[in-house]
Amino acid sequence: MTTSTEQARAAGLVAPRARATATRPRGVSLALRTLGPLALIAAWQISSATGALTPDVLASPGQVLQAVQELWGNGQLSDALSTSLTRAALGLLFGAGIGLVLGVVTGFFRLGEELLDSAVQVLRTVPFLALVPLFMVWFGITETAKIALIGVATSFPMYVSASGGVRNTDRKLVEAMRSFGLSRWAIVREVVLPGALPALLSGLRLSMTLSVIALIAAEEINSTEGIGYLMAQAQNFSRTDVLAVCILIYGLLGLAADGAVRVLERVLMPWRPTGARRGTGR
């Protein structure tokens, strides 16, 4: 019997046994995810306490916490955070919106692809930082220049994801909807966009991450408010504690953006397994 089974398996007649997967409890998974950051903070504190890291190189975690309390107490941190979040949100809304519209047009309409895709692909190869001098000439040192820079940076990931997701929509389903008399825009709204939702959320995640990266660059353009302005002031006075606060805030903004899209994925696509639920036991 064993020999027959082995021969059948070798011939491809018997499906291989599926590997058993193990799913960790949510609490254990969360604890494992916090180990890395906690270890990094511990190493940072030890280096500061032993003198390996002096305050003029990098302030200790305790000094950074005191800086947070100081900046929050005098209102500087809350004002700067509000300004930076507004810039990032407006730039993301502008850029991701344009990327979504262009992606749907080029992905669904042949004429749209022929007219627009090659031009967008050429522009996509230009680093958004290279546009800083041009935007300063066009818009001056204004909020418009900063928001436009963030918008350009966030538009291309959404465009690529939307265009690819729309192209991969089941064409048989599209043709079936046409046979029922639905207009093109009704098909886009009722069939194409829901079918492209995984790709759209992937593009949104990349766009939100890039919005934080572009925000950092945008706030270096002679800002007079925002997290970037706090960093510039801290640099002038060699305040490594405030610099560390600003860097950590930028990192937390990126982490929050990624987490927001993950939550959105769970809400809009509850059938998709998340990282915590598809553990492999490795």
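Would the stretch 169-179 turn up any residue that is of a type in the set (Lys, Arg), in a helix (DSSP H, G or I) and under 30 Å from Glu220 (Cα atoms)? Checked against the condition, which is being of a type in the set (Lys, Arg), in a helix (DSSP H, G or I) and under 30 Å from Glu220 (Cα atoms), the stretch 169-179 yields no hits at all.
Here the stretch 23-64 is the region considered, the condition is being charged (D, E, K, R) and surrounded by 11 or more Cβ atoms within 10 Å (Cβ to Cβ), and the residue that is nearest to Leu243 (Cα to Cα) is Arg33. Residue-level check: of (1) free of Cβ contacts under 8 Å to residues at least 40 places away in the same chain; (2) under 20 Å from Arg87 (Cα atoms); (3) polar (S, T, N, Q), Asn168 misses just (2). Within the stretch 136-149, restricting attention to residues that are of a type outside the set (Val, Ile, Thr) and in contact (Cβ under 8 Å) with a residue 24 or more places away in the chain, the residue that is surrounded by the most Cβ atoms within 10 Å (Cβ to Cβ) is Lys146. For the stretch 242-265, the criterion of being at negative phi and in a loop (DSSP other than H, G, I, E, B) is met by no residue. Taken together, Val132, Val152, Val174 contain a single residue that is over 18 Å from Ile213 (Cβ atoms), surrounded by 13 or more Cβ atoms within 10 Å (Cβ to Cβ) and in contact (Cβ under 8 Å) with a residue 12 or more places away in the chain, which is Val174.
If the condition is being touching a residue at least 60 places away in the same chain (Cβ under 8 Å), among the charged types (D, E, K, R) and out of contact with any Gly (no Cβ under 6 Å at 6 or more places or on another chain), then the stretch 187-230 contributes only Glu225.
Computed from the coordinates by the stated procedures, all read-outs in this text should not be read as laboratory data. Remember, it's a predicted structure, so these values are computed and weren't measured experimentally. Positions of Cβ are backbone-derived with ideal geometry, glycine not excepted, and every protein chain shown enters the neighbour counts.
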